[in-house]
Amino acid sequence: MKDLAQTTIPVLLILLMISTPLHAQWDFWSAPEPITDSVSDNQHAVIQQLDFIENDFYIFWENSTDSLSTAIHYKKFYSDDEPQVFLSEDGVHFQNPHFIEAWYFTGYPDTSFYIFYESDETGTNRIYYRVHNTDGFTDPSQL
């Protein structure tokens, strides 16, 4: 029995050492690519597959063009289309977009997704949400 263990353990160790590099993930990364070619402040990017304009992957991010306001822009992630303004108003900060797809909820078959964001449109930073359904977006509601 001792001889079997002495021959089996080294063989198992050799197999483990050989198999791990053959099946492990390799750390090859592509070169980083910018979301936009803008020199303005782009941050808090969120990539989400949504049934928005069409069912596709969209990226939403904050874009600050001046010190008094921040807008949320979007574009299709795998496309070279131009970024579009999603939420913007002079003197208002729209920040930290987050999404929940509607299939998490039951009873709302016409709803696609919810967007939550932070805004100071009433003078104080608060969290708001809008619902995207078959009629478009609802008015903002404070959470």
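The values are calculated or read from the model by the stated rules, or taken from the named source; none is laboratory data. Only a predicted model underlies this, so the values are computations on that prediction, with no experimental measurement involved. Cβ placement follows ideal geometry from the backbone for every residue including glycine, while neighbour counts extend to all protein chains displayed. SASA here: full protein model, heavy atoms, side chains in, ligands and nucleic acids out. Shrake-Rupley method; radii C 1.70, N 1.55, O 1.52, S 1.80 Å.
Could you tell me which of the residues Ser141, Ser112 is open to solvent by less than 90 Å² (accessible area, probe 1.4 Å) and over 30 Å from Pro34 (Cβ atoms)?
When all the criteria are applied, what remains is Ser141.
Can you tell me which residue in the stretch 20-67 is modelled with the lowest pLDDT, limited to those that are open to solvent by 90 Å² or more (accessible area, probe 1.4 Å) and part of a strand (DSSP E or B)?
Among them, the one singled out is Thr65.
Restricting to the stretch 74-95, give me the number of residues that are touching an Asp or Glu at 6+ places or on another chain (Cβ under 8 Å), assigned to a strand (DSSP E or B) and either under 15 Å from His44 (Cα atoms) or open to solvent by less than 20 Å² (accessible area, probe 1.4 Å) (or both).
4
Among (1) under 17 Å from Asp51 (Cβ atoms); (2) at pLDDT below 85, which single condition is Gly123 missing?
Here Gly123 clears every test but (1).
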